[in-house]
Amino acid sequence: MSDHLHVALALDGCGWHPAAWRDPAAAPPGPFAPSHWTALAAEAERGLADFLTLEDALVLQPGTDGNGPVRGRPDMALVAARLLAATSRIGIVPTVTTLYTEPARIASALGTLDRLGRGRTGWRVQAGRRAEAPGFGAEPARALRPGELDGTAGLGPLLEQAAGAAREVRRLWRERPPVSPQGQPPVIALAHAPLPYRFAARGADLVMVTPHDREQARSIVGQVRAAEAAEGRTGAPLRVYGDLVVFLDAARKARLDALLGAPCPSDAAVFTGTPGELADLMLDWRDAGLDGFRLRPGVLPDDLTAITGHVLPELRRRGAFRTAYGAATLRGRLGLARPAGRAAA
């Protein structure tokens, strides 16, 4: 853990609130326009964020009528190519699922992106969902049940399959020239429970976790370290980032909640408050063991610009965030050594 916080930003559609598309700031065509993504990436780079993650899946988001959330999204690996061309320093990390995507395809696509971006690409590995099956003529669809998030029933086989895919992708990156400018793109996983922590310990460089208070953050970091020991992990320990859904306008969040008919649902903690209060929380949780945060703006672009224009400057004023980009590659920025491999040798 360093004195300086690492901060990443998570982009998803019009924002992480399911009703964000109904906010006046979300002008059409929104996430289906290239300018939507390039403007957001440029703003995140101006704020000196570590990297952007781009959410993706092979199934539609939940929703059944015109008043529900936006359904469907662009292919984020293709969006990533556009963003790498439109930026020069920030890391770009698309989500690519493993359940119905061949490892050779993942290795080729992300390796190409990394060369195009001169070492600024990462991979947010996602195990996938059984509901993706019908699109591939595979087994009948079955969504994960709530109990499966703690490692019971169907989640274990999905994670085993994803771990095998990640190992094969890394092998292909090691053995196939031309080598990535950073050796290999960093692998990033989102984990909520002990079994996913072990999955991350087995094959990721960075894990994003979802504590809801300082003590839970401390407990989760301990569980991640225990998972590393259980898996016999060697080399650099996992970087651990805490996820937060961020609303820096309480009145807007209340209006969107009313439109949705319920509070904003989230696996991660939902923060509503001022930039100074968010900076206080981040520094407090940093002292509990987190290396950094992935902030999920509730409404785009407004909550993103509030983060880059107010929260990050406040952290910088307190000496807790960078004043300029340092290392040119994403691995370097995360403090990860270049991996050895046959192509490098």
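Computed from the coordinates by the stated procedures, all read-outs in this text should not be read as laboratory data. Not measured: the values here are computed from a predicted model. Cβ placement follows ideal geometry from the backbone for every residue including glycine, while neighbour counts extend to all protein chains displayed.
Under a 5 Å amide H cut-off, with hydrogens placed 1.01 Å from N, A269 pairs with V245 among residues at least 5 apart or on other chains. Charging the Cβ of each Asp and Glu at -1 and of each Lys and Arg at +1, and nothing else, the dipole of segment 1-57 about its Cα centre rounds to 220 debye. The mean of 1/r over all pairs of different alpha-carbon atoms in segment 6-333, once inverted, gives a Kirkwood hydrodynamic radius of 20.2 Å. Within segment 227-273, the percentage of alpha carbon pairs spaced more than 17 angstrom apart rounds to 53%.
By other beta-carbon atoms within 10 Å, ranking R82, R124 with the fewest at the front produces R82, R124. In this structure the amide hydrogen of F293, modeled in the peptide plane, comes within under 5 Å of the amide hydrogens of H6, V7, A8, G242, none closer than 5 places in sequence on its chain. Across the options V125, A109, L260, the greatest Cα extent toward the positive end of the charge dipole of segment 6-333 (unit charges at beta carbon of Lys, Arg, Asp, Glu) belongs to A109. Per residue, the Cα convex hull of segment 257-319 amounts to 97 Å³. Distance distribution P(r), segment 158-215, all Cα-Cα pairs, bin width 10 angstrom from 0: 21, 45, 24, 9, 1 percent. Under the rule of at least 5 residues apart or a separate chain, name every residue whose amide H is placed under 5 Å from the amide H of E55. Long-range HN contacts for E55: L11.
Each DSSP beta bridge with both residues in segment 6-333 is either parallel or antiparallel, and the antiparallel ones are about 5%.
Put in line by how crowded their Cβ is, counting other Cβ atoms within 10 Å and starting with the fewest, R120, R176 read R176, R120. What does the charge count around V221 come to, taking other residues whose C-beta lies under 12 Å from its C-beta (Lys +1, Arg +1, Asp -1, Glu -1)? With Lys, Arg at +1 and Asp, Glu at -1, the net is +1.
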